[in-house]
Each structure stands twice: as structure tokens, then as C-alpha cells.
Amino acid sequence: MARLLTSLLGTAALLCALSRALNAESVAAPAVAQSADSPAQPADAPMQSRSPAQSSGTIKLAPCNLPGVPEPAHCGTLRVPENRARPTGRQLAIGVAVIPALVGRSLPDPIAALMGGPGEDAIGSADYIAQRAAALRDDRDILLVDQRGTGRSATLSCPLFSNEHPAASLRDVFPPAAVESCAHSLSAHADLTQYTYDRFASDLEQVRRALGYGPLNLFAGSYGTRAAQVYMRMYPQSVRTAFLESVVDLDIPSPLPFAQTEQAALDQLFAACAADTACHAAFPRLQAEFRDIAARLASGPVRVLIPGSAETAPLYRGRVAEWFRSRLYRPSSSTALPWMIHQAYLGSWNPIVEGILSDARKVDSNLSFGLFFSITCSEDVAFLREPDIKAQTRGTFLGDYRIRQQQAACRYWPLVPLPKEYREPIHSSVPTLFASGDTDSGTPLWSTERVAEGFSHRREVVLRGQGHTEWSDCLAQLYGQLVTSGSAGPGGKSSCPPVPRPEFKTQ
């Protein structure tokens, strides 16, 4: 959730048993695990003898080290059918990691991280989750399950950036030739119709039961909140609390709102620069300069130098607009945009070009694009309608570029018929904390408000001065109260104290 991809794709993206004190004798002890049909343990049930080395026979966890986490963890795999309707067919190894509670025996309700993107892995974000759950780690495990198609769970790797032909990434965010090649190579060994969120929900529930856990405390951001909603609908008794930050609606097809939300974020950026003494002094005509470079791009691509070579290539308006959108997800990543706009106005497009290519290069190693397409093509793009596209993109800098890019990519991807009511907003009584930044260009405040209406036991908090899936001491305290008490508290709406905007780059 907090890594590059949640900001680049919006979508995100974000977030992730047993006691540290277990000795060799307890590791060898048999675990008490639930069968597939047994009820979940209540959240306040006493901890049964549970070993990180053994479970129900379907998961065996062994000591491991996770990057950025100083304490030893336990890792293993769960074997599941890729297609549950064909149990004897291809099997997937679902990667599982448990960061044990720090003091004594752990409570039966771990913190389970659901990542964004879609396409981020949970185990690779272990340090990120552990830092945010720091105040709760004395007596709770952190459960990290790599969603099928990511990380250690049969990742659907799909490189889109080409070092040999970087110019393709100055035109397309999803280069068609790379997408087609990826779909062809992955389809040779994977059934790409078996990677939607309901499949992941079934995997997560099987992991929970195999490890003998009670109801989970879901920790989700960006597209991970959609995974959480699907899981909560399918297994309502398996969730104790939910933390949903930067919420993605089930019933609004991304990327339909992107053009409007970016436009609002651009207006916020211009107003913030005008109100900042240093930024306004450096760029007193920022909006006029922006309109100038937007007009130049609208009249046709501009020729730019490819960094590190003498070659030139065309740079397209839509690609610039989409990259700007990704930088506007958080104040910290938007501070250089006024300076970049000014440089382009003066004729130097190098900072923008370098930024686009650098992010395109990094994104392949941080995101499973195969999973991204498997989810978004069937759960989002298939539900886009032309009248809505025209209405939502008219008069914006981004226009319909991002939508057309995803539609083009999805022509190569198999579509999955979704279960009845899959995209209907859910209704839940699970104690839930909603959080959203008021400067988030990916998942605006209204998105959270729409989803929250279906939750009868909720608290909504606005992170003032913050963007997509950000954190603060205020939010950490509210989250700690949610999990410790198992209650959303007084409910209603509140806000965290404003976080000062980082300084703008002016030279």
C-alpha cells in the first residue's frame, strides 16, 4: 500500500502465529487446528497450544527472517487448487508468514494485512506492517498471506518496461505488445480466470483455519480494502475488526473516477503553491505555465531525449497526465511538480521524462501485473460504459487516457463471470475504522463515505494534509483502540490534526 505501486496504479497498495517465546519443546508440540467446517474461535478465547512449526498438516511453518523485521518469523506454504472446481488440477503454493507476538502467548486474533495495487505482496511488506502495528505486537501475531498471483504465491510476473525500447513507456502506461506477450506466456501454465478476490478470500480463510486462528483483525489499504470487503461478505464470522484506509468501492469501476480526482488534486496543488511564499515567488504564473504545456502536448507529442542516449522519442500528453496523477497521491510526492511544470514551460522536459521512465522501470519489480490485469479487467474494466466515460473525463487533463489504456490491455486478458451480487456494496456490523486523506488523488473522501454507509459499527477519520494510505501518531492511536477494544468506539466522523505540507522544490 505504501510502496510505489499503490501510488502509481491507485489502486495501490496495502497491507500485513505465534509467540516469540516458544521454545524447542513447544515447537514440536501438536497444534490445535480447526477443520474446514469448524466454527472460528471467539476473539477472547484462551490461546490453545499452537506451534509455528506445525498446524493441521496443511501448513508447516519453519523459522525464517523477513527483510526489515529484526525478530525471527515463521514461514510456510498452503497447497490449494488453482481452480477449486477442479481439486485434482494444478496446485498453488500460497506463501504464508507469521511474525509472532513479542511477549508471552499470542491472542487468537492476529492482524492480517491485505495489500493494494492490486498486485503487491504481503510478505515483502512485512516491515511496513510491523511498524504500523507496533503498539499491538506484544500479544498479537501479524499474519501475512501473499495473495495468489503475488510474491511467494505463484506470482504472475509480467514485465512491461523495456530497457531496449524505453520510448514505449513514454506513450503507454501498459505497452500493448508487452501485455500481449505476458498474457500469452502466463496462460501457458496458469488459468488467469482464477485470481479474482473471491479466490483470494477462500485462500485466506483456509490459512486462518489451518493455523487455528479465531476471527482476524483485517488491516487493508487501497485495493486491499476491496479484498477486505469481499472477505467480509464471504466470511463475516471470521472478522473481528477491520481497518480500511483509502477505500476502493466495489461498485465503481476503476479507473473511471481518476480523471476527476486528478483534476481536483491539481487544483489543490496550485492553491497550495500560491499560498506558499517560496513556491509562489519561484512560480508566480504556475497555472498559466501548466496550461501552456498542456496545450503543447494536446497539439501532438513533443520530442524528448531518452536519458543516457542521444536518441529522441515522442512524449505523449496522456502519459504525462497519468504520471502527474501518480505523483499527486501524496503531498510528499507532489512537491517537485511545480518545478517540473516550470522546466517544461522553459523547454526542458528532462525531469518529467526521467521521472516517468524511472517509475516505469521500478514498477515491474514491485507489482505483479499479471494479477493486476486478472482483477481489474474482470472486476472493473468490464463494467465501464461509454456515456459514463465521456461524462467523467470531459474537460480534464487526464481525459480518457488511463481508461483507454486499461481497455486496450484487457483485450488480451480472459474475463471472469463474477458471482451474483459480487459488486454490490456490502453491509456489515464488524467494528471498522475508516481513514482517508484529504489530499488523495486516488481514492477521494467521497469514496470512503459511500462505502462506510453500509457499516453499522464504524468510525470515519479524515487525515488532514495527508494523501493515499498515509500514517500518523493520531491514526496509530485510533487503530490501537479499535483492535484492543474490539470496538469502533463512539463512531461518527472526526479528523486527525493537520500534517504540514512538505516544502516545495523551487530550484
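The values are calculated or read from the model by the stated rules, or taken from the named source; none is laboratory data. Just so we're clear, the structure is a prediction, and the values are computed from it rather than from any experiment. Cβ coordinates were reconstructed from backbone atoms using ideal geometry, including for glycine residues, and neighbour counts include every protein chain displayed. Side chains are part of the model used for accessible areas, which takes the heavy atoms of the whole protein and leaves out ligands, DNA and RNA. Shrake-Rupley method; radii C 1.70, N 1.55, O 1.52, S 1.80 Å.
Some notes on this structure:
- Extension gain from Ser487 to Arg394, taking 0.36 nm per residue of separation minus the Cα-Cα distance: 29.2 nm
- Accessible-area composition of the stretch 167-261, carbon plus sulfur, in percent [1.4 Å probe]: 53 percent
- Solvent-accessible area, 1.4 Å probe, carbon plus sulfur percent, for the stretch 294-394: 51 percent
- Between the listed residues Pro431, Leu204, Cys377, the Cα displaced farthest toward the positive end of the dipole of the chain, a dipole computed from Cβ unit charges relative to the Cα centre, is found at Cys377.
- 1.4 Å probe accessible area per residue over the stretch 294-410, in Å²: 36 Å²
- Order by protection proxy (mean Cβ within 10 Å, highest first), peptides 159-166, 348-355: 348-355, 159-166
- Neighbours of Cys273 by Cβ distance under 15 Å: Lys/Arg scored +1, Asp/Glu scored -1, total +1.
- The string of couplings for the stretch 346-357 from the Karplus curve (6.51, -1.76, 1.60, θ = phi - 60°) is 7, x, 9, 8, 4, x, 5, 4, 4, x, 4, 5 Hz, one whole number per residue in order, with x for Gly and Pro.
- Equivalent ellipsoid, the stretch 281-399 (semi-axes from 5 times Cα gyration tensor eigenvalues, Å): 27, 20, 15
- Exposure check, 1.4 Å probe, all protein chains in place: Ile293 carries approximately 0 Å² of accessible surface.
- Bridging of Lys390 to aspartates and glutamates at a Cα separation below 15 Å is possible for Asp400, once same-chain residues fewer than 8 apart are set aside.
- Residues of the stretch 48-195: accessible area per residue with a 1.4 Å probe, Å²: 38 Å²
- For the stretch 347-394 and the stretch 456-507, distance of Cα centres in Å: 27 Å
- Take each peptide in 135-141, 91-97, count the other Cβ atoms within 10 Å of every residue, and average; sorted highest first, the result is 91-97, 135-141.
- Our analysis of the chain gives Rg over Rh at 0.98, with the two radii drawn from alpha carbon positions and Rh computed by the Kirkwood formula.
- The stretch 138-278 shape via C-alpha gyration tensor axes, a/c threshold 1.5: oblate
- Computed over the stretch 388-498, relative contact order equals 24 percent, with contacts defined as Cα pairs under 8 Å that lie 6+ residues apart.
- For the stretch 67-190: rounded, prolate or oblate by the Cα gyration tensor [a/c cutoff 1.5]: oblate
- To put it simply, the accessible area of the stretch 403-444 at a 1.4 Å probe is 51 percent carbon and sulfur.
- A simple count of charges around Thr432, restricted to other residues whose Cβ falls under 10 Å of its Cβ and scoring Lys, Arg +1 and Asp, Glu -1, yields +1.
- Probe 1.4 Å, protein heavy atoms only - accessible area per residue of the stretch 437-507 in square angstrom: 47 Å²
- Other residues with beta-carbon under 13 Å from the beta-carbon of Ile341 carry, at +1 per Lys or Arg and -1 per Asp or Glu, a net charge of +3.
- Distances between placed amide hydrogens fall under 5 Å for Ala435 paired with Leu244, Glu245, Ser246, Val461, all partners being 5 or more residues away or on another chain.
- The stretch 91-149: Rg to Rh, with Rh as the Kirkwood radius over Cα pairs: 1.00
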